[in-house]
Every structure is written in C-alpha cells, then in structure tokens.
1. Looking at the structure I just gave you, is Leu172 over 18 Å from the mean Cα position of the chain (by Cα), modelled with pLDDT of 80 or more and either closer than 25 Å to Ala67 by Cα or part of a strand (DSSP E or B) (or both)?
2. Filter the stretch 175-188 for residues that are out of contact with any Gly (no Cβ under 9 Å at 6 or more places or on another chain) and among the small types (Gly, Ala, Ser); which is modelled with the lowest pLDDT?
3. So which of Thr222, Thr207 is at pLDDT below 90 and part of a loop (DSSP other than H, G, I, E, B)?
4. Any residue at all in the stretch 135-146 that is modelled with pLDDT under 85, closer than 20 Å to Val99 by Cα and buried (at least 18 other Cβ atoms within 10 Å of the Cβ)?
5. Please indicate, with yes or no, whether at least one residue in the stretch 95-104 is surrounded by fewer than 19 Cβ atoms within 10 Å (Cβ to Cβ), at positive phi and modelled with pLDDT of 85 or more.
6. Could you tell me how many of the residues in the stretch 74-87 are of a type outside the set (Val, Ile, Thr), modelled with pLDDT of 90 or more and buried (at least 21 other Cβ atoms within 10 Å of the Cβ)?
Amino acid sequence: MKIMSNVRIFSTIILMLILAVIPAVQAKQIFYNSLDSEKAVKDGGGKVHAGSFVEGAIEKGFYSLKAGEAVSFPTEGQLLLETGTIALWVKVMIDIKKVPGESFIFMMYKRGADAFFINHSHNWGANQAICWMIKNKGKWFEQGKSCSKPLKWAEGETHFITTTWGPKGMHLFLDGKSVGKGDHKTGPSLMDDDFWVGNIEIEKGSTLPSQWVQDELYIFDTQLDQAEVAKLMDSSLTVEPSVNHLALTWATIKLK
C-alpha cells in the first residue's frame, strides 16, 4: 500500500510539473495589418475610403484628417463576439484638448443594435479621455464603458492603445498600463459586416474625422493581461512592419 501511495504522489508531482510548463490557453492573433500603405490594407482584405499614409509610431500609418477618410476590413473571422483583444498604435496629430467632440479610432457598429468603440471623447462624462465602449442588444450599459482619466497628450506624441472584452470584464490599457475597467463581460451580440479604422459609418454620411494616425492594428481571440500587453507593445517596437508578419514573437503570447 505504501508503494502504491508513493507512486500516486510521484505521478501527481510529475503531472503538476507538466501542467506548469504547458499553457492551458494560447492567445491566437487572428488579425494584423500594418496600415502603412494602401497596398498593405488591400493585401489584408481591406479598403481605403480616402485618407493618407504618413509617418506614424512605427514607420507609416493611416491618417484620417477629414470626414470620409477611413479604412475598413471584413469583420467575419477577424472579431469574436464573446472575447478578444484589440491593440494599435496612434500618433496624436492635434493636442488632445483641442480635438472637437468625439474622434473615433476603431469601431464596429451594427446600427441600432450593437457596437465596439475606441474613441477620444469630450462627451460621455469623460472629458479629454480615451474610452472603450460596448453596445449590446441595442443598449449602452454604464458598466459597458471603460474610460481613462483626462489626458494631456500633445501633438506628435505616440501611444499604444489596447482594449479587451470577455469573462474578465472590459479593460482599457494605455502604453501597457491598465487605466480603465468595466464590469460588462461580453462583446456585442451582433456584428456588422465591416469594422472601421479612422471614422464611423462612412456610408451613412459621418462627418467625424479621426485626426489621429492609426498604426499597427492587432486583434487576438483572447483577453491579454497587463504583462502580455506590455510584451506586445515592446515586440511591436522592434519589428519591421510587413503585411506578412502574422507569426512573430507576439503570436507566442500565452495565457496561464
């Protein structure tokens, strides 16, 4: 009996060691685009709806200065309803306190029903802040909003914005650090056909230019934590932008 007990203890220890070195879940990068040229956008299945490509945080990025300037990509297979992470670099092209009203950095909007927003806002009770917002089943939930404190970003600065949604709630990270949380634990219930960088619903006549340079857009199928967000930020600073680099260092980020 003592021998059998020792065998069980030994087996348990071995199993624990194996589990310690093998991650339970691997974060899969399901979308990436450098946003550094019209060719890069088109090669990634996207469309440029006017706008320009100028110096950004990591070489060139997409600049939306006027209404009607944006980039869109098909949503199917590239955004998940239940959980995920969106990350991108931005370059501020106007002092944040001078940006009028709202300016949208990333969005998916199923009109009248559901939405994702990453935006700068002088509204929503978040003056001069970056907000991460989710609309679910036709309603904006107070717990579905995650905003930073008022920011003093100046023209020419570059910053890394990351948002997550899912079972761990909503999280907003700026420059690798958590700055806002929300209790809402799901994404939208419906997705539109496209998601947008630089504007809101161009086909419906929006007049809201982004006034930022968006650069290096990533989407994951899981919620990254703060350490993983910081690792992604550091990785993207050291990698040559390319339309083909889907499987580089950040693709090996693992969730414990």
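The values are calculated or read from the model by the stated rules, or taken from the named source; none is laboratory data. All values derive from a computational prediction rather than experimental measurement. Glycine also receives a Cβ, built like all others from the backbone with ideal geometry; neighbour counts cover every protein chain displayed.
1. no
2. Gly180
3. Thr207
4. There is at least one residue in the stretch 135-146 that is modelled with pLDDT under 85, closer than 20 Å to Val99 by Cα and buried (at least 18 other Cβ atoms within 10 Å of the Cβ).
5. Start the filter on the stretch 95-104 by keeping residues that are surrounded by fewer than 19 Cβ atoms within 10 Å (Cβ to Cβ), which leaves 95, 97-98, 100-102.
Going one step further and asking which of them are at positive phi, we end up with 101.
After this cut, where a residue has to be modelled with pLDDT of 85 or more as well, the list is none.
Scanning the stretch 95-104 turns up no residue that is surrounded by fewer than 19 Cβ atoms within 10 Å (Cβ to Cβ), at positive phi and modelled with pLDDT of 85 or more.
6. So the answer is 2.
Listed here are the residues, each with its yes/no results for (1) crowded, with 21+ Cβ neighbours inside 10 Å; (2) at pLDDT 90 or above; (3) touching a Lys or Arg at 6+ places or on another chain (Cβ under 9 Å); (4) not hydrophobic (A, V, I, L, M, F, W, C).
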position: Ile202; (1), (2), (3), (4): no, no, no, no
position: Pro241; (1), (2), (3), (4): no, no, yes, yes
position: Thr252; (1), (2), (3), (4): no, no, no, yes
position: Leu255; (1), (2), (3), (4): no, no, no, no
